[in-house]
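Report on the structure given below.
The values are calculated or read from the model by the stated rules, or taken from the named source; none is laboratory data. No experiment lies behind these values; they were computed from the predicted model shown. Ideal geometry is used to build each Cβ from the backbone, glycine not excepted, and the neighbour counts take in all protein chains shown. The area values use the complete protein model at the heavy-atom level, side chains included, leaving out ligands, DNA and RNA. Shrake-Rupley method; radii C 1.70, N 1.55, O 1.52, S 1.80 Å.
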Amino acid sequence: MTDPSKMNEPGVDSWAKVKHVWSSLKSGVLTEQSDKNRLKRFYVWVRHLSLFSRRRSRSLVTRVLWILVIWGMLVYLLAIAGIWWGSSKVIEDNFSNQASEWVRKLDELGTPLFTSEDKVQFRSIIDHVARFPELSYLRYYEASNNSIIAEYKAEKYLDAKIPRLTPTHMELLRIRVEADEPLYVETAQSDLSLIQAAAPIVVRSIQSDGLMDFDLNAQPSENYKIIGFIELGLDFGLYREKLIKNISIGSLVIALFLVFAAIIGRVVIKRALSPLTSLRQPLDKLAKGDIDVTVQGEGDEEIVSIANALNTTITALKGRDEKLRKLANYDALTGLLNKHNFNIQLKQEMERVLEYRDSSALMFIDLDEFKYVNDHLGHAAGDRLLIQIADLLKGRMRTDDVIARFGGDEFTVIARSVSESDAIAIADSIVKSMQDFVFVEKDQAFNIYCSVGVVMINEQESSLEEVFSHADMACYEAKSEGRNRYHMYDAAEQAENRQAADIGWSKRIKDALNDDRFSLYYQPVIGLQDANYEYFEVLLRMRLPDEEIVYPNAFLPAADRLGFSVDVDYLVIQKAMRKIAECKAEGRKLRLSINLTARAFAAPDLVNVVEQWIKKYDIEPEQIVFEITEQTVMRQLDHAKERITELSDLGCHFALDDFGANFSSFSYLKHLPVDILKIDGDFVADMADDPVDQTMVQAMVKIAKTLNKQTVAKYVEDLATLELLRKYGVDYVQGNYFSKPEPVLNVDSYHNAHEKLSSNVVHL
């Protein structure tokens, strides 16, 4: 049998523990401390088994069944132990009572033996007790010398060595002479199931006080004389064996009943919980983000309530998703597609045209008199005008065509599967429809005209940006020609105009480089948290000989076409590093953000040039932040990753400008080693009034935080926008609300911007 002291050691078989405790229960009453400890350890083991089954169970039905089975086993074992203990106790009490009766009876029978010393009399006693199988042995002892004068042993105990009564026992019997109960002794072998009792044999006599003094009411005075001792043993082993047999049979019957009940219980529990387990499949779909499910509620009212709650939640999620889908894809005012969704539609249309060798047209529509209505009649009137224009366009265009509000008073249209002549006819009809349209507000009538730029979408158009650019150029030409008309983009015409313009720009750019007429302007980038640097973005301006200031969008496209963009960028980098060195000498800690054109970014000597100037001006590389547009990165992703890594290895930081403008998959960000994401200004400029822009900015901030990158929001023009950006967790902000770009890097402008930020602390 397993050693109880080792029952809790690792590696002991759990079933061995069960068998050990069961044998303990069968071996006797749990009165010893070791038996109690075994039962306690068994309870702990059963509890661990219950916890184990609860952890490992994968089914609610199985878990409930395990709980019931384990609890049933525990109750079963406790019941058997209780039955055994109670039965054993009854047997022992019964035999104790019998022992007392036998002692009294044999005392009466044995007294003549001592008085007459008749052996025949003892033989009659032997014949009498032999008829009782429970009486195992009988001894009569001489009182004077404690010797055995007569002895009987049942056949079963003939070879058993049962120790005699000791002098100590006899002395106790002399002391307890007046006791009503015999003395129970334990002198037999441990493998014998005996109740042993001993008692003195006493002769009593009444002392006489004389006839004259005899009082009937007085208690008689007795004398006791011990003439011998009697010892007997009662064997209750047979009764115990029968008890164990009966309990074992009963236990087996109960165990079979429990197994049968567990099988039936599993069926009943499974059937009862089937409405609950049927919720598993829809819940798994919900966990995976699939809300196109319906939960069937039946059965108990609690399960029906759960199903109803889930269906309510699913309905709310569907409503929320539908609302978000509309916010993300449609203009809240007009119900037309918004700019973001239109970009997606245009990209898909370009792919379709290329695949099927078809042709379509993009039309860029700009209202000519909208600003007048908006300024003089108010924004509400302007909104009503935009709604009516949207309805007019929807009524004019075909079902397959795509119409969007591109922003402000600008609309865009994709006319699918049309030739150039068809596109011209559609553009002309739009212009004429607007000419016939009259907007009535406050008893006033207004004629609202429009300018339409048209570009064909075919195999010759290589990118979405070029298509938009050409449509915008065509609309600009229509406005230049007097408005209230359309203009078809002509590549040859535009090339001729561009060539003529480039001739003039070539000389201007060369002179500006030679005469140092490229100047740096600085706009503060304000950290919404504590910043270790004065942080500015470097913006480039060109001064003409007459001191007119020219902005980059005027000369950079020409510089790029004429091959001057790398020279201009290198000039900006050198001037910026020199400014950092100057501020360092003044004790100022400065960080500058420098924009790189695509050509400069691809220049093979860029990294060497940057490294040389960092050493020359003795500045920290981390004080330089290079900015590159998302469009440039996506065009040459592999090269961009390599180049950004090289500059980052020098210690410079990198920012991705116009983030979110191209609506491409953001998965590339996981492998692009940029430090900062500059959110496209189109999302920020009108976000205070546009819930779609708010949703997009929040999404981009979450993406940046997930990738452990910082965010910069440009075009912050008012306090409402600042409050939203602070709420969304943007790290840096810049815009005219704080400071316009200035030609001098004035420390006051930076501190004033921070003071303005502090004075408008937002309580969210």
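Which ones in region 713-755 are among the basic types (Lys, Arg) and more than 40 Å from the chain's Cα centre (by Cα)?
The one that is among the basic types (Lys, Arg) and more than 40 Å from the chain's Cα centre (by Cα): 740.
Looking only at region 556-596, how many residues end up being without any contact (Cβ under 8 Å) to a residue 12 or more places away in the chain and part of a helix (DSSP H, G or I)?
3
Under 7 Å between Cβ atoms, at least 6 apart or on separate chains: pull out the pairs that start in region 83-99 with a residue that is under 14 Å from residue 248 (Cα atoms) and end on any residue that is assigned to a helix (DSSP H, G or I) and open to solvent by less than 60 Å² (accessible area, probe 1.4 Å).
Pairs found: 83/247; 84/25; 84/247; 87/243.
Which residues, counting only those in region 459-478, are crowded, with 16+ Cβ neighbours inside 10 Å and either of a type in the set (Lys, Arg) or closer than 17 Å to residue 427 by Cβ (or both)?
467, 468, 470, 471, 472, 473, 474, 475, 477, 478
Just to be sure, is residue 672 within 24 Å of residue 652 (Cα to Cα) and of a type outside the set (Phe, Trp, Tyr)?
yes
Going by the conditions given, is residue 106 open to solvent by less than 30 Å² (accessible area, probe 1.4 Å) and assigned to a helix (DSSP H, G or I)?
It is true that residue 106 is open to solvent by less than 30 Å² (accessible area, probe 1.4 Å) and assigned to a helix (DSSP H, G or I).
Which number in (1) in contact with a Leu (Cβ under 9 Å, 6 or more places away or on another chain); (2) more than 15 Å from residue 232 (Cβ to Cβ); (3) of a type in the set (A, V, I, L, M, F, W, C) marks the one condition that residue 106 misses?
Only one criterion in (1) in contact with a Leu (Cβ under 9 Å, 6 or more places away or on another chain); (2) more than 15 Å from residue 232 (Cβ to Cβ); (3) of a type in the set (A, V, I, L, M, F, W, C) is unmet by residue 106, namely (2).
Select from region 706-730 the residues that are among the hydroxyl-bearing types (Ser, Thr, Tyr) and buried (at least 16 other Cβ atoms within 10 Å of the Cβ) and write down the one among them that is nearest to residue 641 (Cα to Cα).
711
Let me confirm something: among 400, 391, which residue is surrounded by fewer than 18 Cβ atoms within 10 Å (Cβ to Cβ), under 46 Å from the mean Cα position of the chain (by Cα) and either over 19 Å from residue 372 (Cα atoms) or without any contact (Cβ under 8 Å) to a residue 24 or more places away in the chain (or both)?
400
Residue pairs, Cβ under 7 Å, 6 or more apart or interchain, first in region 460-487 and farther than 19 Å from residue 354 by Cα, second of a type in the set (S, T, N, Q) and modelled with pLDDT under 80. List them.
These pairs meet every condition: 473/494.
When residue 619 is evaluated against the numbered criteria (1) over 46 Å from the mean Cα position of the chain (by Cα); (2) at pLDDT 90 or above, which criterion, by number, is the only one it fails?
Condition (1) is where residue 619 drops out.
Looking at region 625-653, I want the residues that are under 19 Å from residue 538 (Cβ atoms) and have a partner that is open to solvent by 60 Å² or more (accessible area, probe 1.4 Å) and not in a helix (DSSP H, G or I) with Cβ atoms under 8 Å, at least 6 apart or on another chain. Which pairs are those?
651/620
Do you know which of the residues in region 744-764 that are at pLDDT 70 or above and open to solvent by 80 Å² or more (accessible area, probe 1.4 Å) is farthest from residue 550 (Cα to Cα)?
Among those that are at pLDDT 70 or above and open to solvent by 80 Å² or more (accessible area, probe 1.4 Å), it is 755.
For residue 377, only one of the following conditions fails: (1) more than 20 Å from residue 455 (Cβ to Cβ); (2) open to solvent by less than 20 Å² (accessible area, probe 1.4 Å); (3) touching a residue at least 40 places away in the same chain (Cβ under 8 Å). What is its number?
For residue 377, the failing item is (2).
Which residue pairs have Cβ atoms closer than 6 Å, lie 6 or more positions apart in sequence or on different chains, and pair a first residue in region 227-252 that is free of Cβ contacts under 8 Å to residues at least 12 places away in the same chain and over 18 Å from residue 92 (Cα atoms) with a second residue that is part of a strand (DSSP E or B) and aromatic (Phe, Trp, Tyr)?
none
Inspect all residues belonging to region 342-363 and state whether any of them is open to solvent by less than 20 Å² (accessible area, probe 1.4 Å), of a type in the set (A, V, I, L, M, F, W, C), in contact with an Asp or Glu (Cβ under 9 Å, 6 or more places away or on another chain) and closer than 22 Å to residue 483 by Cβ.
Yes: one or more hits.
Given the options 526, 549, name the one that is closer than 30 Å to residue 588 by Cβ and either of a type in the set (Asp, Glu) or open to solvent by 10 Å² or more (accessible area, probe 1.4 Å) (or both).
549
With within 27 Å of residue 341 (Cα to Cα) and in contact (Cβ under 8 Å) with a residue 60 or more places away in the chain as the only criterion, which of 687, 700, 696 stands out?
696
Given the options 423, 415, name the one that is open to solvent by less than 10 Å² (accessible area, probe 1.4 Å) and touching a Lys or Arg at 6+ places or on another chain (Cβ under 9 Å).
Within the list 423, 415, the selection yields 415.
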